[in-house]
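For reference, the structure is listed below as structure tokens.
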Amino acid sequence: MTKTNRIRAWLAGCAVGLAASLTIAAAAAGPPQEPPAPPKRPDAAAAAKGKIIYQRYCRSCHGPNGARNGPMAGELRVPPADLSELAATNDGVFPFDDVVRSVDGRKKTRAHGPPDMPVWGEVFSKTAGTDSPNSETAIARLAHYLWTIQKPARK
């Protein structure tokens, strides 16, 4: 099986897993809400919930600690970003708003969007329901979690 076919098969498997949620949640999804102002520090409760989202949707490519070493990373045309160094590459400041915009699809990044990385904002907006947060809440939780896994700034 070629690298492209393995990626397609993996994405197809993800799609099948989401299909049931999408069908049920599509009717319950409301209009998108305006995201809140960026926080001054990570929210521990949001980060704990964001870790679950990360493990479910991001870990396979970005790795267990965001260091671009997930089992699918080597199969991608564009290597995934090292999510544990976002603050280090931004003068020690975690780019909360940029992370939110990258995940929801408003900020284009090389690997975001088909075929390598789905625009998760679209997925989360369709899976929102009684036991799933709306897209903005899910993405904010994910951003809070990513904030907590940042490596210390290099000297």
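The values are calculated or read from the model by the stated rules, or taken from the named source; none is laboratory data. Note that the structure is predicted; figures quoted are calculated from it, not measured. Positions of Cβ are generated from backbone atoms using ideal geometry, with glycine treated the same way; all protein chains shown enter the neighbour counts.
Out of segment 25-58, which residues are at pLDDT 85 or above, surrounded by fewer than 17 Cβ atoms within 10 Å (Cβ to Cβ) and closer than 16 Å to VAL103 by Cβ?
Matches in segment 25-58: PRO39, ILE52, GLN55, ARG56.
Being among the β-branched types (Val, Ile, Thr) and in a helix (DSSP H, G or I) is the filter; apply it to segment 80-104 and report the residue that is surrounded by the fewest Cβ atoms within 10 Å (Cβ to Cβ).
THR89
If I filter segment 64-75 for residues that are touching a residue at least 12 places away in the same chain (Cβ under 8 Å), closer than 26 Å to LYS40 by Cβ and part of a helix (DSSP H, G or I), do I get at least one hit?
Checked segment 64-75: no residue is touching a residue at least 12 places away in the same chain (Cβ under 8 Å), closer than 26 Å to LYS40 by Cβ and part of a helix (DSSP H, G or I).
Hey, can you tell me all the residues within segment 48-63 that are within 12 Å of LEU146 (Cβ to Cβ) and either small (Gly, Ala, Ser) or part of a loop (DSSP other than H, G, I, E, B) (or both)?
Once the filter is applied, which keeps residues that are within 12 Å of LEU146 (Cβ to Cβ) and either small (Gly, Ala, Ser) or part of a loop (DSSP other than H, G, I, E, B) (or both), segment 48-63 yields GLY50, CYS58.
Got a sec? Which of LYS151, LYS107 is at pLDDT below 90, surrounded by fewer than 18 Cβ atoms within 10 Å (Cβ to Cβ) and touching an Asp or Glu at 6+ places or on another chain (Cβ under 7 Å)?
LYS107
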